[in-house]
Amino acid sequence: MNKINFRSKSFYPIIAVLAIIVISLGLIVVYNSNSPEISALEKMPNYTEIKGKYNAEGLKYEKQPRMGNANAKVKIIEFADFKCPACKKWKEANWDSLKKEFLDTGKAEIYFINYAFIDRDSILAASAGEAIAKQNNEKFWEYYEKLYDHQGDETEIWATQGFLLDFVKNNIDGIDYKLFEDDFKGHKYMLDVKEDYKTAGHYGINGTPQFMVDGKLLPDSSYHSLASAIEYQLSFK
């Protein structure tokens with residue numbers, strides 16, 4: 001059996017290489033443990049950590065933020081994620097038209113259901129919206145519009161607790177901010193977000209934005225499909 005000669009000059013470069021590898025791995029571990037993105041992510045709950053009873057069946061219109069005439073003949077539901085770039089684009093392209101043609105005219109009423117699926121901060125952004133909606137339904141829609149306007153990169157953890165607290169404080173007037181802060185930090189409405197998510201899945205939602213008109217899921221999210229579905233339902237009422 002050959003013995004390793006620890007005094008051999010050729011052995012020292014091997015030791016040096018191994019030492020470099022060990023140090024590099026150590027630095028990677030330290031960097032990752034101190035990474036702001038990872039630290040922020042670890043502080044956010046996922047759905048398995050949100051405990052409590054919920055019911056995924058039934059659309060529960062009475063629990064959702066709404067806009068439009070309560071006596072409108074047609075009910076629209078939007079399923080969305082505040083981190084979703086497609087949701088932001090839909091809002092920018094179609095939201096004003098929807099309000100002008102169907103909501104302001106009293107023809108339809110829209111309800112919002114969270115389908116927070118992109119990442120953990122999707123859940124956090126949804127829970128902030130829920131906390132606002134429980135105080136003031138109208139202010140939820142202000143949050144809806146402005147948060148999309150300030151949307152970060154889908155691939156990054158941007159909707160952190162600190163960001164959302166500052167965002168609401170600086171952009172949403174007319175609510176009890178201290179109550180919002182307590183509810184939000186205390187994760188008071190996390191179960192509502194989970195129930196929304198499970199309800200959406202129960203009805204076949206698998207992405208965002210998606211829409212229902214009078215309980216029927218539309219095949220696509222184009223404004224043409226939505227407007228046509230609303231007009232079709234109006235023709236029977």
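The values are calculated or read from the model by the stated rules, or taken from the named source; none is laboratory data. Because the structure is a prediction, the values reported are computed rather than measured. All Cβ positions, glycine included, derive from the backbone under ideal geometry; neighbour counts span all protein chains shown.
Mind listing whichever residues of the stretch 61-87 are part of a loop (DSSP other than H, G, I, E, B) and either touching a helix residue (DSSP H, G or I) at 6+ places or on another chain (Cβ under 7 Å) or closer than 19 Å to Ile230 by Cα (or both)?
Of everything in the stretch 61-87, those that are part of a loop (DSSP other than H, G, I, E, B) and either touching a helix residue (DSSP H, G or I) at 6+ places or on another chain (Cβ under 7 Å) or closer than 19 Å to Ile230 by Cα (or both) turn out to be Pro65, Asn69, Ala70, Asn71, Ala72, Lys73, Asp81, Phe82, Lys83.
Would you pick out the residues in the stretch 124-172 that are closer than 19 Å to Tyr61 by Cα and among the polar types (S, T, N, Q)?
Ser127, Gln135, Asn136, Asn137 - these are the residues of the stretch 124-172 that are closer than 19 Å to Tyr61 by Cα and among the polar types (S, T, N, Q).
Based on what the data block shows, is Lys188 in a helix (DSSP H, G or I) and either without any contact (Cβ under 8 Å) to a residue 12 or more places away in the chain or surrounded by 14 or more Cβ atoms within 10 Å (Cβ to Cβ) (or both)?
no
What single numbered condition from (1) at pLDDT below 95; (2) surrounded by 12 or more Cβ atoms within 10 Å (Cβ to Cβ); (3) not small (Gly, Ala, Ser) fails to hold for Lys73?
(1)
Within the stretch 218-235, track down each residue that is in a helix (DSSP H, G or I) and either touching a residue at least 24 places away in the same chain (Cβ under 8 Å) or surrounded by 17 or more Cβ atoms within 10 Å (Cβ to Cβ) (or both).
Answer for the stretch 218-235, where residues must be in a helix (DSSP H, G or I) and either touching a residue at least 24 places away in the same chain (Cβ under 8 Å) or surrounded by 17 or more Cβ atoms within 10 Å (Cβ to Cβ) (or both): Tyr223, Leu226, Ala227, Ala229, Ile230, Gln233, Leu234.
When you check Tyr111 against the structure, is it touching a helix residue (DSSP H, G or I) at 6+ places or on another chain (Cβ under 9 Å), surrounded by fewer than 16 Cβ atoms within 10 Å (Cβ to Cβ) and at pLDDT 95 or above, yes or no?
The answer is no for Tyr111.
How many residues does the stretch 168-179 hold that are within 23 Å of Phe79 (Cα to Cα) and part of a helix (DSSP H, G or I)?
Going through the stretch 168-179 one residue at a time, the tally reaches 1.
Kindly evaluate Asp173 against the criterion of being more than 29 Å from Ser228 (Cα to Cα), without any contact (Cβ under 8 Å) to a residue 40 or more places away in the chain and more than 17 Å from the chain's Cα centre (by Cα).
yes
Which of the residues spanning the stretch 124-151 are among the basic types (Lys, Arg) and either farther than 12 Å from Asn171 by Cα or in contact (Cβ under 8 Å) with a residue 40 or more places away in the chain (or both)?
The answer is Lys134, and nothing else.
Of the residues Lys146, Lys194, only one is surrounded by fewer than 21 Cβ atoms within 10 Å (Cβ to Cβ) and modelled with pLDDT of 95 or more; which?
Lys146 is the lone residue from the list that is surrounded by fewer than 21 Cβ atoms within 10 Å (Cβ to Cβ) and modelled with pLDDT of 95 or more.
In the stretch 148-157, is there at least one residue being over 15 Å from Ile132 (Cβ atoms) and assigned to a helix (DSSP H, G or I)?
Among the residues of the stretch 148-157, at least one is over 15 Å from Ile132 (Cβ atoms) and assigned to a helix (DSSP H, G or I), which makes the answer yes.
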